[in-house]
1. Could you work out the per residue convex hull volume over the alpha carbons of the stretch 387-500, in cubic angstrom?
2. Over the Cα atoms, compute the radius of gyration (one decimal) and Dmax (the largest Cα-Cα distance, rounded to a whole number) for the stretch 356-425, in Å.
3. What's the long-distance tail for the stretch 34-87, i.e. % of Cα pairs beyond 12 Å?
4. Considering the options LEU187, GLY98, LEU237, tell which one lies farthest towards the positive end of the dipole of the chain, charges being +1 on Lys and Arg and -1 on Asp and Glu at the Cβ, about the Cα centre.
5. Write down the percent of antiparallel bridges among all DSSP beta bridges whose residues are both part of the chain, to the nearest 5.
6. Let me understand the chain better: what is its radius of gyration from the alpha carbons, and its Dmax, in angstrom?
7. Ratio of the stretch 302-400's C-alpha Rg to 2.2 N^0.38 Å, to two decimals?
8. Let me know the Kirkwood hydrodynamic radius for the stretch 81-209, please, with Cα pairs as the basis and the value in Å to one decimal.
Amino acid sequence: MSTKPTSDPGGQRSGPGLFPAGPLAETPDLQGAYPRLSGSQIAALEALGQRRTVAPGEVLFAEGDRNCDFYVVLAGHVAGVEGHGEPEGRVIAVHGRGRFLGELSLLTGEAAYYTAVAVEAGELLVVPGERLRDLVARDPDLGDLILRACLLRRSILIGLAVGLRIIGSKYSPDTRRLRDFAARNRLPYRWLDLEADPLAEELITQLGVAPEETPIVIAGQLLRNPSNAELAAAIGLPVPSPLDASCDLLVVGAGPAGLSAAVYGASEGMRTVALDGIATGGQAGTSSRIENYLGFPSGISGAELADRAVLQARKFGARFAVPAEATSIEQDGGQYTIRLDDGTTLTASSVVIATGARYRRLDVPRLAHFEQMSVYYAASHAEALSCRGDPVAIAGGGNSAGQAAIFLSRHAAQVTLIVRGHDLAEYMSRYLIDQIQRIANVQVLLDTEVRELLGNEALEAVAVEDNRTGARRVLKARALFVFIGVTPSTGWLVGLVGLDDHGFVRTGPDAGPAARGAAGAEARWRRPALETSRPGIFAVGDVRSGSAKRVAAAVGEGAMAIRLAFERVRPG
Ligand SMILES: Cc1cc2nc3c(=O)[nH]c(=O)nc-3n(C[C@H](O)[C@H](O)[C@H](O)COP(=O)(O)OP(=O)(O)OC[C@H]3O[C@@H](n4cnc5c(N)ncnc54)[C@H](O)[C@@H]3O)c2cc1C
């Protein structure tokens, strides 16, 4: 069954055969994701690559290929196809003259998530991937046009669920782990639920996979219940490398604070390595829209902010390792050695602690059981898809709970915001309260706390209690989102740096007297702001005692820590 690709970006079957000859409708550029390059832009790219002809049906890059070249269509048409050659294959987009192929993985070095196939004979301009990355880093016009298109195309792929295929039961904690990992890393994926999707069963039988080997991931290759690190390595995320063993600056945690430190550290010429246990972007990466970050009047998604920052840091030479969780830190003379969860050690003279905070868990029975499938600590596109059309509950009264309510109201049938306090304005910004009050399918319950989670396998309802009267009621909820405050991620610091009573890292004068400075000058010398009780270790963002818990503050602190680290190693 081979059908002609159409202009529907929602995807059409491509079938196992070649495309038929004849004129084709290009995918329209509705969102600015498929710009057509001008003659002068093509000429600029031509200086970096070469022209070549292409035959109908020729595969330019295939799903799973790494470090692909960049192609501009000069004549003819090229289609992006998911599952090329398979009965279920579908066309993602068709590009004609002046359009280019690829998406964000072109710039990150990740594996391609679909196959590019020439629909008819034509001509292409081919630019090696390395040169394209240089261009994006140094050309503010053409580079930014390509970058913007790549970011938009990534969100289109995520929306279409084109990319990795995760096949596993909704009751399996490993399925949930892999889906979370893909979502946090903004990897496009489709989940086939073994409990509900006949295709899932069919596929695992065809692939000869035993039920106990599930979940599986199809990522150009077949992975049987991979660890997060194995999945990362298979798709080309930047895993820890021996090259990173010794550097000037280690940034632990790649949320906004760590990303900022990585950008500024690398741009000051420090050999910089940034690591993160889960994904770049941190908490902000899970935010659908950050509306109070300077310079983005209509808001910016946390995912876009993170992707842009990673590319920016890499442009200056920073290296990343994800997933790479720091498990301990030791001092050896003027150097610090950090041990990762895979046993690797990394050494640097300056360390920026940017490990942020994690959301607190509710103290209710059976939480661990429901956490495997129905309780969430982020409200991104992936979670929204899981509870589309269902009633959901959100516990929490701060800005993250408010943002989640607004975002989920577009996907869920009904959203109930369960707030322990008496006044929403106590912890939530006015602009969010105003929006919430205008949304018909969001109800707010004040003075209310979650007491019980009800259901067998998956969550069906929550029992809540009015904390003034003790009255209980049951609310239907297929998912519970929890945003009830944060706990700092500081367990790995094992007593090396001073913490406050809540476990946040003390910095500046609060961290105790400075160890540096000439005797007698001690009284005049104040420990630099952001430096911890150990010289050369700085703490920034949400992990720092007394921090503002805002993206802009985290970013500012990341930049400032670099200034201080730089002055320390190169005084004067
Ligand atoms: C849903 C949501 C919406 C939000 N919206 C807004 C908003 O609109 N405006 C605003 O100003 N703020 C917002 N915030 C708050 C904002 O996101 C945080 O203040 C900000 O992300 C803090 O940045 P950070 O880099 O300090 O820490 P985090 O963002 O918490 O990042 C810390 C990173 O460190 C990693 N890490 C932790 N431990 C380790 C370890 N041992 N080894 C390696 N890596 C580790 C984590 O995986 C994480 O990626 C929101 C938060 C959430 C959750």
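1. So the per-residue Cα hull volume is 148 Å³.
2. 12.2, 33
3. Value for the stretch 34-87 (Cα pairs over 12 Å): 73 percent.
4. GLY98
5. The answer is about 60 percent antiparallel.
6. Both quantities, over Cα of the chain: 25.2, 86 Å.
7. After normalising by residue count via 2.2 N^0.38 Å, the value is 1.49.
8. So the Kirkwood estimate lands at 16.7 Å.
The values are calculated or read from the model by the stated rules, or taken from the named source; none is laboratory data. In this text the structure is predicted, and so the values were computed from the model without any measurement. Cβ coordinates were reconstructed from backbone atoms using ideal geometry, including for glycine residues, and neighbour counts include every protein chain displayed. Note: accessible area is taken over every heavy atom of the protein model, side chains too, but ligands, DNA and RNA are not part of it. Shrake-Rupley method; radii C 1.70, N 1.55, O 1.52, S 1.80 Å.
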